[in-house]
Structures are given as structure tokens and as C-alpha cells.
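A.B. asks: Attaching a single structure in C-alpha cells format; questions to follow.
The values are calculated or read from the model by the stated rules, or taken from the named source; none is laboratory data. Predicted model only: the values in this text are computed from it and were never measured. Here the Cβ positions follow ideal geometry from the backbone for every residue, glycine too, while neighbour counts run over all protein chains shown. SASA here: full protein model, heavy atoms, side chains in, ligands and nucleic acids out. Shrake-Rupley method; radii C 1.70, N 1.55, O 1.52, S 1.80 Å.
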Amino acid sequence: MDVRLLLISVLLGLSRAQLDGNECTKASAQSCGECIQAGEKCGWCTDEDFLKQGEQKSTRCDEVEALIKKGCSEASIENPRGTVSVNKNQSLTDRTKDGVKLKPDQITQIQPQKLTLDLRSGEAQTFHLTFKRAEDYPIDLYYLMDLSYSMKDDLENVKNLGTDLMLEMQKITSDFRIGFGSFVEKTVMPYISTTPAKLLNPCTSDQNCTSPFSYKNVLSLTADGFQFNNLVSKQQISGNLDSPEGGFDAIMQNQIGWRNVTRLLVFSTDAGFHFAGDGKLGGIVLPNDGKCHLQDNMYTMSHYYDYPSIAHLVQKLSENNIQTIFAVTEEFQPVYQELKNLIPKSAVGTLSSDSGNVIKLIIDAYNSLSSEIILENSRLPEGVSISYISHCKNGVSEKGENGRKCSNISIGDQVTFEVAITAKGCPSNGKSETIKIKPLGFTEEVEIVLNFICECECHKDGIANSPVCHFGNGTLECGACRCNEGRIGRVCECSKDEVRTEDLDANCRMDNGTDICSNNGDCVCGTCECKKRDNPEERYSGKFCECDNFNCDRSNNKLCGGHGRCECRKCICDANYTGSACDCSLDTSTCLASNKQICNGRGTCECGVCKCTDSKFQGPTCEICPTCPGVCTEHKDCVQCRAFGTGDKKDTCEEQCNYFFLVMKKKKEELPQPNDQPFINHCKERDANDCWFFFTYATKNDSTVEVHVAEELECPSGPDIIPIVAGVVAGIVLIGLALLLIWKLLMIIHDRREFAKFEKEKMNAKWDAGENPIYKSAVTTVVNPKYEGK
């Protein structure tokens, strides 16, 4: 947004949405159907008299609140809403393994099963799907094994897999079937040797191997574990030249008798895999068609079709609700882990070198796969979007891609998914569409029929070739004319060939001026159609688009002061407001003073503001008087003269002091209290005898003044002489004694210091009592330094 436009929006109090317009007005809808497809908040006004002169037909389309503000009654607004209807809602199956035996199609794990949604453009329709894992749910397992030479020791352990796996799976379900298939490689060079001898026995001469093949369905799904052991024990190892195997070809040929139950595919190998494009090495360029080409349980088109791509493989597994378990050796774990990330509902297990742990691997992988629920939807129609919110165990909720799934789901656990479907516009054909949602790895699915609300209800009551639409040139529909082909105008009054003639333009000039539609609109068929503003709240109107609702006087940066509406550049004020900008309030409550008088009786109330007529008074309610004495002081003399006959005005009392009503009370406690009257002053004043008298001064609502005076005065009593004299004498005596005590104390301290000083000097004396300290001897002794005593 331009900085200047943003500044204007702040000053005018407009939101960004108002400046930018809304999706309803931007659509310039010419019919109710076009309007409701513009957005979920859009409504269409069907009132034939709704449009003002000069307004376009598209003005009927706006947000519902805006239409009501423009004068369209709520009953005249078409605003159809979407709905959700449940058509099939079977209860979830609740049984135990030892309970009643049910067929797979009698078990319900997801609810509801079918819904119908009526979608309004932009409006999301929300519903809930509940999933509950059923106990003793049937399982089909197909074991697909790599029979290249490197898997020789693995085959020996798989020969007894049928009965052993049956025993383990019976702990999970009483309805279990198992099948077996094998794969090697495409039977062309360079994947295998095509020499006659190698085609018979691809292994070394001392090894007895079967001829190479692409894929063989050894045993379709059966509940007979002994049959599985018998047929698998007859299988022989084969061989090929390159390390990657052709297992993806085998997965695509999956028509081996699946039921609508849990489908598990165990893919066992110790090598990598070929995928789309690798077939070019053998001269095979045709993409895999994803169809079944089994003859006598053998894949016969491996030399004709390329390997499938990973995306094609994912699509095929998802379509057939097959959950894949990759049982691979440790060497190829990283490769198949990456593949697992691309294939939903798949698992990877580490296969021992001789496949001795294959049963445990299958059981662990099944438990991991079955404990996770992932919802998947079919391809959505154009313009339709879907979102999920999962509500899993322990109150955990997720959105986005994680909203499609719940983990750690045990048998009997119930989880809920909140699904929201939104359409943007209507499909080109306007017909219903059907989508499906299903939990990956399960055959159950939820069917959802999508009906699109492309027209309003009033569309059905349209009057074709209505005379209202200029002699039948259109259909009167939802309060407006939908013009026939080649006709335009508000009521289809004009042919497209007549739009630009000069004669018609003359009808769009105001007062024979030069401006067409006041430069605020376009002349269409001799009628002005006013331009739209960026702000949908602002409109041009009038026969010549000469009016608008945004160029009126403003107050406090608000159009019409915020207390009126702008019509044709003039403010129409709300009740209790007047003025060109509706900024003058007729309400006098703001002028009431604290005494409940308008402007304190000293001014007039104009536009909600006091204009004080007495120059001494000021303030919002004319109650402030900086040069005036207080109320008590001002009326003291009059109260004193009327109540007691004293004071400075006792001689002129009748002339100057008859402006109030006097009420006498015996004691000051009997005077009115503040809560007794709206406004009251309590006064305490002194008379000439230094006595205090008490009175109250109150102004009533009828402007009369009432004064209550207490007859009882409070006069000061004379002083008690004896206590005063006794106090003074006692004070003088005490002060004298105190001064004597202080003088005595100071003298004692001074004497002690002098005595201590004398004692100190006495101790420092250097002479005895018998010596004269001034005496000096007359004898002088001289010593010769060279004298050595000889």
C-alpha cells in the first residue's frame, strides 16, 4: 500500500480491507449466481428498488452487513449456505475374537460411510470421521520371494513357513490366508544369459537350478498351511547375471485372489531392484501398463514392457489397499528404507542371512503397520481443497499432513478425524462430483458426493422475457434483469451496437455541460453508470453521478463528525446533533454543573459546551471564579444580620439580604448533611466577639437559595490565671536550678583538669630540692689529646 494512502487511512479511521475493497465488490457480479461464487460472505440484494439512480447492477453484490447498511432488508438478501448430510451411518463393529463370526463385508471400522455435501464457494463444510480397529479382522498375506541363486539357503527356511506362520497369526486373527510367489529377472539380455544351456540351467554345472523366469504365482491365497509347505518345498533356485532383481514386475502382477480384508505383501530379497528406464538395456522401451498379464500363473510380458516406476508402483499398491513389508538383508537396508519413505503403509525388516527370522519380522512389521492409521482421498475436482485435523489417543491433535494420521492405535481404540472440504467457484459443467476417503491398507472407504451451489434460490423464480427488462429483452431474476444475448444496460434497455452514439452521450451531461456523468461514471445506453471506489463504503450516485457519500464536512477527522451520514455531499445528522458536520450536540447533560444547574446558572449551553455569560466565571460548566471570595465569606454578613441581628450589614439587612430563605436550627448537629440536598456548603465563620457561628448554604434546582443557621454559638472562654502563674513560677525555679547544676558541673570539670595538669608538670621536673638550677661551676677542665700517659 502506498505510504500516502496508508496515512490517509489512519487519519480517516479506515482499515486496509476497506481501502482495498472486498472480494464481493471486486467481482463486479451481474447476477446472483456470480455473486455467491465470489466469496462465502457475499450476498445479493433482491429488492427491485435497492439501487439508487446511477448505481451499477453489481452494487447488489456485497457483504451482507454492508448491504443492510445500504438499506437492503435482511429478508431481501440471498445468501445460501452449504450443508452436510449423512446418507449412510452404520455403527462401528464391536466384537471379540471369540464372538459371532462375521464376514469381512459385515465388519465396519469407519463411520459414517456416505455423505452428501452442498458446497458454497469459499465456505468450508466440516464433518467428522471415526475409525475403530476391529478385533479378529481377517488377513491375507502373500509371500513374494527372490529365487535368484543368492537366496538358496533362504528357500530352505521358507519351506516350512506356511504352518509356522499360521500358528503365529492365529494369535491375531482366526481368519488368515497365505499365498506364495517368486521372481528372478526379465528373460532377456543383459539380465540373464540367453545361451541354450544357461536358459535350461543358469547356475554352474554342479548346481541344479530351474530355468530363469520373471514372475511366477506358485500358490494363490489359501487357508491351507500344509499346501503352502508342500508347494514351496518343490521350488528350485534360479539365477541371473546382474545384481538388481525384477521384483517390481512381480508386484504389479498382484491378481492372486485378494479379499476385501487386510492385505499384506511380504517382499523378500537380498538385492536391489530395477525400475522404469532400466529396461532400455534390454531394448525394452514400452512403459509398464500396470495390467495383469498372467498365463498359467506366469508373467508373460516381461520382455515387452519396461519395469514400473516407483510412482506407478505406489499408485497400484494404494489402489489395491496392499501394505508392503520389505524383508531384506542388512546390506540393502538403507536402499529399502528410502523406498519405504515413498510408499505409504509400508515397513522394512532386516532379514537374517538364511531368513531364519522371517516369522518374527512379519509379525513385528504387521503390528507396526496396523497401529498407524493414515487417511487418503481420491483425486479432487478442480477448485476443491481438503484439510484434516486428527484427534488421536491421549488428546493429541495434529493439523496439516500430520492431521491425516494417528499412531500407536491398538485393537479397540477409537480415533476421530475432522475433515473440511472447500470449493472455490463452480465446476465448468456444474455437475456433482464424487470423491472417496479411505484409511490406507484397508478396503473400507467413505463416499462423499459434492453438490455445488452455483445459483441462488431466486434463480428458479426468474421471469423470462419480462416486460420490466425493456420490453422482454431479459429475464427478471433475483430483483435484477439478466439480459439476453446482445443486450446490455441496467434493464437491458440498449443494444451493444448503440452504446457509443453521440445522441446517447448527451443524456449523460448535467445541465448541458461538457462532463459526461460528472466525470464520475460511464455513459451506457444513455444512462450513467457510476464508477466504483476502492473503498466499498464510498459510492457515487445520482442521475449524472453528481452525488457521493464521502465529500461532506468533517469534524475531528470524521465524516459528519461520526454523528450522521453523508448523502449527496450533505450531512444528514443523527438525533440530538446539528450543524454542517453534525458536530453540534443538542444534549445538555455535558453542561450540567455540580449543583445540577445548566452552566451553573451563569451561562448558556451551545453544542454541548457552556458559554459563560458572567465574565467572572469560567470552566466547562461556569463554576470556576478565580476572583470571587468563597461562598461562606461572601454570604457571612447577610447570614449574621438575619440570624443574629449583628454584623456589618445589620443596618441594611432587609434591602441587601433577602435573597435566601432562612431556617434556624438549635445546634450545629441539626444542620443538613451533604446527602440531604444536591449541592450544599457547610460554613464556619467568626463574629466580632470572636465567637464561631455555623450555617449551610444550598442552591436548589429551582434556583432558590436556602440557608440553615445554628442558634448555638461557640465562644472562647477566658484563661485560668492560677495555673498559668503557678506554671510560670515553677518554670522559673526549675530553669534556675538547672542553670546552677550546669554551672557546678562545669566548675568540677575545670578543677579536675587543672589538677591533672599540675601533677603532670611535677613529674617532669629535673632538679632536686638541694640544688640551684642556675648555679654553674667556675672550674674548667681541659684534656690534651696527644697525651699518652707516659
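A.B. asks: Which of the residues spanning segment 366-378 are within 22 Å of Met166 (Cβ to Cβ) and touching a residue at least 60 places away in the same chain (Cβ under 8 Å)?
C.D. replies: At the first step, the residues of segment 366-378 found to be within 22 Å of Met166 (Cβ to Cβ) are 366-370.
Selection gives Tyr366, Leu369, Ser370.
A.B. asks: Within segment 207-263, can you find the residues that are more than 21 Å from Met151 (Cβ to Cβ) and assigned to a strand (DSSP E or B)?
C.D. replies: Correct list: Ser220, Leu221, Thr222, Thr262, Arg263.
A.B. asks: So Ser615 passes all but one of these: (1) open to solvent by less than 70 Å² (accessible area, probe 1.4 Å); (2) in a loop (DSSP other than H, G, I, E, B); (3) not acidic (Asp, Glu). Which condition number does it fail?
C.D. replies: Against the list (1) open to solvent by less than 70 Å² (accessible area, probe 1.4 Å); (2) in a loop (DSSP other than H, G, I, E, B); (3) not acidic (Asp, Glu), Ser615 comes up short only on (1).
A.B. asks: Follow-up question, since we're still on this one. Residue check, Thr108 against (1) under 25 Å from Ile421 (Cβ atoms); (2) assigned by the TED database to the domain that holds Cys406; (3) open to solvent by 20 Å² or more (accessible area, probe 1.4 Å); (4) part of a loop (DSSP other than H, G, I, E, B), all met but one. Which one?
C.D. replies: Against the list (1) under 25 Å from Ile421 (Cβ atoms); (2) assigned by the TED database to the domain that holds Cys406; (3) open to solvent by 20 Å² or more (accessible area, probe 1.4 Å); (4) part of a loop (DSSP other than H, G, I, E, B), Thr108 comes up short only on (3).
A.B. asks: Pick out the one residue from Glu376, Glu330 that is within 37 Å of the chain's Cα centre (by Cα) and either in the same structural domain as His274 (by the TED database) or closer than 30 Å to Phe273 by Cβ (or both). Spell out the reasoning first.
C.D. replies: Values: Glu330 fails: within 37 Å of the chain's Cα centre (by Cα).
Just a single option satisfies the conditions, and that option is Glu376.
A.B. asks: Kindly indicate which of Ser346, Ser385 is open to solvent by 50 Å² or more (accessible area, probe 1.4 Å) and at pLDDT 90 or above.
C.D. replies: Details: Ser346 fails: open to solvent by 50 Å² or more (accessible area, probe 1.4 Å).
Going through Ser346, Ser385 in turn, the sole match is Ser385.
A.B. asks: Is it true that some residue in segment 589-601 is within 17 Å of Val709 (Cα to Cα), surrounded by fewer than 17 Cβ atoms within 10 Å (Cβ to Cβ) and either β-branched (Val, Ile, Thr) or at pLDDT below 85 (or both)?
C.D. replies: Filtering segment 589-601 for residues within 17 Å of Val709 (Cα to Cα) gives none.
No; the residues of segment 589-601 include none that is within 17 Å of Val709 (Cα to Cα), surrounded by fewer than 17 Cβ atoms within 10 Å (Cβ to Cβ) and either β-branched (Val, Ile, Thr) or at pLDDT below 85 (or both).
A.B. asks: Run down Glu498, Glu455, Glu502, Glu433 and say which single residue is at pLDDT 85 or above and out of contact with any Pro (no Cβ under 8 Å at 6 or more places or on another chain).
C.D. replies: Every option except Glu455 fails the conditions.
A.B. asks: Which residue is farthest from Lys611 (Cα to Cα), if the candidates are limited to segment 555-589 and must be part of a loop (DSSP other than H, G, I, E, B) and charged (D, E, K, R)?
C.D. replies: Of the residues in segment 555-589, the ones part of a loop (DSSP other than H, G, I, E, B) are 556-557, 563, 568-569, 574-576, 579-583, 586-588.
Now narrow it down to the ones that are charged (D, E, K, R): 569, 574, 583, 587.
Details: Arg569: 31, Asp574: 24, Asp583: 16, Asp587: 15 Å.
Residue satisfying both the conditions and the ranking: Arg569.
A.B. asks: Name the residues in segment 609-668 that are of a type in the set (S, T, N, Q) and either assigned by the TED database to the domain that holds Ile680 or over 60 Å from the mean Cα position of the chain (by Cα) (or both), would you? Before the answer, list the steps.
C.D. replies: Pass one, segment 609-668, residues of a type in the set (S, T, N, Q): 613, 615, 618, 621, 627, 633, 640, 646, 652, 656, 658.
Within segment 609-668, Thr627, Thr633, Gln640, Thr646, Thr652, Gln656, Asn658 qualify.
A.B. asks: Then there's this: Any idea which residue in segment 639-655 is surrounded by the most Cβ atoms within 10 Å (Cβ to Cβ), counting only those that are in a helix (DSSP H, G or I) and not charged (D, E, K, R)? Quick ask: steps written out before the conclusion?
C.D. replies: Residues of segment 639-655 that are in a helix (DSSP H, G or I), as a first pass: 639-644, 653-655.
Then drop every residue that is not not charged (D, E, K, R), which leaves 639-641, 643-644, 653.
Working: Val639: 25, Gln640: 23, Cys641: 20, Ala643: 19, Phe644: 15, Cys653: 17.
The qualifying residue surrounded by the most Cβ atoms within 10 Å (Cβ to Cβ) is Val639.
A.B. asks: May I ask you to verify whether Ile284 is assigned to a loop (DSSP other than H, G, I, E, B) and assigned by the TED database to the domain that holds Val184? Step through it out loud before you land on a result.
C.D. replies: Numbers: assigned to a loop (DSSP other than H, G, I, E, B): yes; assigned by the TED database to the domain that holds Val184: yes.
When the stated conditions are applied, Ile284 passes them.
A.B. asks: Scan Met145, Met189 and give me the residue that is surrounded by fewer than 22 Cβ atoms within 10 Å (Cβ to Cβ) and in contact (Cβ under 8 Å) with a residue 40 or more places away in the chain. Before you say what the answer is, go through the steps one by one.
C.D. replies: Details: Met145 fails: surrounded by fewer than 22 Cβ atoms within 10 Å (Cβ to Cβ).
Just a single option satisfies the conditions, and that option is Met189.
A.B. asks: Quick one: how many residues across segment 164-186 are out of contact with any strand residue (DSSP E or B) (no Cβ under 8 Å at 6 or more places or on another chain) and surrounded by 20 or more Cβ atoms within 10 Å (Cβ to Cβ)? Working first, answer last.
C.D. replies: Taking segment 164-186 and keeping what is out of contact with any strand residue (DSSP E or B) (no Cβ under 8 Å at 6 or more places or on another chain), we get 164, 167-168, 171, 174, 186.
From what is left, the residues that are surrounded by 20 or more Cβ atoms within 10 Å (Cβ to Cβ) are 186.
Adding up the residues that qualify gives 1.
A.B. asks: Hey, does segment 545-554 have a residue that's touching a Phe, Trp or Tyr at 6+ places or on another chain (Cβ under 6 Å) and in a strand (DSSP E or B)? Reasoning before the result, please.
C.D. replies: The first filter runs over segment 545-554 and keeps only residues touching a Phe, Trp or Tyr at 6+ places or on another chain (Cβ under 6 Å), leaving 548.
Now narrow it down to the ones that are in a strand (DSSP E or B): 548.
Among the residues of segment 545-554, at least one is touching a Phe, Trp or Tyr at 6+ places or on another chain (Cβ under 6 Å) and in a strand (DSSP E or B), which makes the answer yes.
A.B. asks: Of (1) open to solvent by less than 40 Å² (accessible area, probe 1.4 Å); (2) within 30 Å of Leu281 (Cβ to Cβ); (3) in contact with a helix residue (DSSP H, G or I) (Cβ under 7 Å, 6 or more places away or on another chain), Leu161 satisfies all except one. Which?
C.D. replies: With (1) open to solvent by less than 40 Å² (accessible area, probe 1.4 Å); (2) within 30 Å of Leu281 (Cβ to Cβ); (3) in contact with a helix residue (DSSP H, G or I) (Cβ under 7 Å, 6 or more places away or on another chain) applied to Leu161, the lone miss is (2).
A.B. asks: Sort through Leu67, Leu115 and tell me the only one that's open to solvent by less than 40 Å² (accessible area, probe 1.4 Å), more than 30 Å from Arg490 (Cβ to Cβ) and either in contact (Cβ under 8 Å) with a residue 60 or more places away in the chain or in a helix (DSSP H, G or I) (or both). Give the derivation first.
C.D. replies: Values: Leu67 fails: more than 30 Å from Arg490 (Cβ to Cβ).
Checking each option against the conditions leaves just Leu115.
A.B. asks: Just one of the numbered conditions (1) closer than 14 Å to Gly181 by Cα; (2) buried (at least 23 other Cβ atoms within 10 Å of the Cβ) is not true of Val232; which one?
C.D. replies: Here Val232 clears every test but (2).
A.B. asks: While we're on this one: Tell me, which residue of segment 389-411 that is touching a helix residue (DSSP H, G or I) at 6+ places or on another chain (Cβ under 9 Å) and either among the aliphatic types (A, V, I, L, M) or farther than 20 Å from Leu369 by Cβ (or both) is surrounded by the fewest Cβ atoms within 10 Å (Cβ to Cβ)?
C.D. replies: So in segment 389-411, the residues touching a helix residue (DSSP H, G or I) at 6+ places or on another chain (Cβ under 9 Å) come out as 389-390, 397-398, 406-411.
Those still in the list that are either among the aliphatic types (A, V, I, L, M) or farther than 20 Å from Leu369 by Cβ (or both) too: 389, 397, 409, 411.
Values: Ile389: 18, Ser397: 13, Ile409: 19, Ile411: 15.
Here the residue is Ser397.
A.B. asks: Looking at Gly54, Gly43 in this structure, which one is open to solvent by less than 20 Å² (accessible area, probe 1.4 Å) and outside any loop (DSSP other than H, G, I, E, B)? First the steps, then the outcome.
C.D. replies: Details: Gly54 fails: outside any loop (DSSP other than H, G, I, E, B).
Just one listed residue meets the conditions, Gly43.
A.B. asks: Now, a different point. Given the criterion in contact with a Pro (Cβ under 6 Å, 6 or more places away or on another chain), under 29 Å from Val468 (Cβ atoms) and at pLDDT 80 or above, identify the matching residue among Thr25, Thr46.
C.D. replies: On the way: Thr46 fails: in contact with a Pro (Cβ under 6 Å, 6 or more places away or on another chain).
Within the list Thr25, Thr46, the selection yields Thr25.
A.B. asks: With the requirement that a residue be outside any strand (DSSP E or B) and within 27 Å of the chain's Cα centre (by Cα), what does segment 410-426 give you? Show your work before the answer.
C.D. replies: Within segment 410-426, the subset outside any strand (DSSP E or B) is 410-413, 424-426.
Matches in segment 410-426: Lys424, Gly425.
A.B. asks: What's the number of the condition Lys636 fails, among (1) in contact with a Gly (Cβ under 8 Å, 6 or more places away or on another chain); (2) surrounded by 15 or more Cβ atoms within 10 Å (Cβ to Cβ); (3) farther than 12 Å from Phe693 by Cβ?
C.D. replies: (3)
A.B. asks: Scan segment 194-229 for residues that are within 60 Å of the chain's Cα centre (by Cα) and open to solvent by 40 Å² or more (accessible area, probe 1.4 Å) and jot them down.
C.D. replies: Step one: list which residues in segment 194-229 are within 60 Å of the chain's Cα centre (by Cα), which gives 213-225, 228.
Answer for segment 194-229, where residues must be within 60 Å of the chain's Cα centre (by Cα) and open to solvent by 40 Å² or more (accessible area, probe 1.4 Å): Lys216, Ser220, Ala223, Asp224.
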